Amino acid sequence: MHNKVALVTGGGRGIGAATCTLLAARGAQVVVNYARDESAANRLVGEITQAGGRAMAIQADVRDETQVAQMIESVVQKWGTIDILVSNANMSFALKPLEEMAWSEFAQKLNDEMKAAFVMTKAVTPLMAKQAYGRIVYIASGLAKRAAPRMSAHGSAKAALVTFARYVAQEYGPKGITANIISPGLVRTDATSFQSDDQLARVAAMTPLGHVATPEDVAHAVGMYCSDDTRFVTGVYIPVNGGASME
């Protein structure tokens, strides 16, 4: 990935941070996008730089076309293009049964998830098409295909993301752009801190590889899609869950 420019949304923490670290270690110039936590993003940039990599942090709400356009302009001014997009930014959602959920709560997650993916895709694909090269990776969830209690808003939104990614793969394939989906199971991050220790232990016990996923586990799968090793792979959905759910 030497000199490839990779933009990772939600890059300051969790899966995003692990992905930024891995891509930088493999030679990419990494854009750490963040929405609010500037200190975490800057700390990560410092760690990557200290390790000999190249990175910069840029704040932008990836649902906002104006902020995204400004971010893309800043990246192009510094590094000339964008070769890789990892669409990872976490969107909050209502964690409750359907019978207790209002349509506005359900729609909020659907709208946020899809608008972020749509806006970012529209922002980077002209650059990728111009150079006839691009790698896009969307971070979905196993809940897109496997229902779980209180997760209807999240799972439905991620299912929409999976379908959207395949349309991107179909439409932009002739332009040299691949689009693939990573579908993590439960991962130990701030976003899953609501899970109890008992629940984490149960998941680990049901996982053939014997533990709950770490952000680094997911980052390595993302790295595979970002590399030229998968240059003839597009529109593919890969679960990253240690075998807890096999497809």
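Miscellaneous remarks
- Against the conditions (1) over 14 Å from the mean Cα position of the chain (by Cα); (2) at pLDDT 95 or above; (3) polar (S, T, N, Q), Ser193 satisfies every one except (2).
- Strands (runs of 3 or more DSSP E) lying entirely in the stretch 1-93 (those with 2 or more residues that are surrounded by 24 or more Cβ atoms within 10 Å (Cβ to Cβ)): 5-8, 29-34, 84-87
- Scanning the stretch 120-168 for residues that are more than 16 Å from the chain's Cα centre (by Cα) and of a type in the set (A, V, I, L, M) yields Leu127, Met128, Ala129, Ala132, Ala147, Ala148, Met151, Ala153.
- Looking across the stretch 17-40, the residues that are of a type in the set (S, T, N, Q) and touching a helix residue (DSSP H, G or I) at 6+ places or on another chain (Cβ under 8 Å) come down to Thr19, Thr21, Gln29, Asn33.
- Of note, Thr178 does not satisfy the criterion of being hydroxyl-bearing (Ser, Thr, Tyr) and either under 17 Å from Phe93 (Cβ atoms) or part of a helix (DSSP H, G or I) (or both).
- Pair list, Cβ < 6 Å and 6+ apart or interchain, from the stretch 101-129 residues that are over 19 Å from Ala60 (Cα atoms) to residues that are in a helix (DSSP H, G or I) and of a type in the set (Lys, Arg): Ala129/Lys175
- Residue in the stretch 172-179 that is in contact with a Leu (Cβ under 8 Å, 6 or more places away or on another chain) and at negative phi present: no
- Output for the stretch 196-247, where each listed residue is of a type in the set (Val, Ile, Thr), outside any loop (DSSP other than H, G, I, E, B) and over 18 Å from the mean Cα position of the chain (by Cα): Val203
- Scanning the stretch 116-138 turns up no residue that is buried (at least 21 other Cβ atoms within 10 Å of the Cβ), farther than 30 Å from Ala24 by Cα and of a type in the set (Lys, Arg).
- Between Asp197, Asp228, the distinction of being closer than 30 Å to Pro174 by Cβ and loosely packed, with under 13 Cβ neighbours inside 10 Å belongs to Asp228 only.
- Cβ-Cβ contacts under 6 Å between residues 6 or more apart (or on different chains), taken from a first residue in the stretch 1-24 that is modelled with pLDDT under 95 to a second residue that is basic (Lys, Arg), are listed as Met1/Arg26.
- Residue match in the stretch 162-174 (condition: farther than 19 Å from Gly16 by Cβ, at pLDDT below 95, hydrophobic (A, V, I, L, M, F, W, C) and in a helix (DSSP H, G or I)): no
- All conditions but one from (1) touching a residue at least 60 places away in the same chain (Cβ under 8 Å); (2) touching a Ser or Thr at 6+ places or on another chain (Cβ under 9 Å) apply to Leu186; the one that does not is (1).
The values are calculated or read from the model by the stated rules, or taken from the named source; none is laboratory data. Computed from a predicted structure; not experimentally measured. Glycine also receives a Cβ, built like all others from the backbone with ideal geometry; neighbour counts cover every protein chain displayed.
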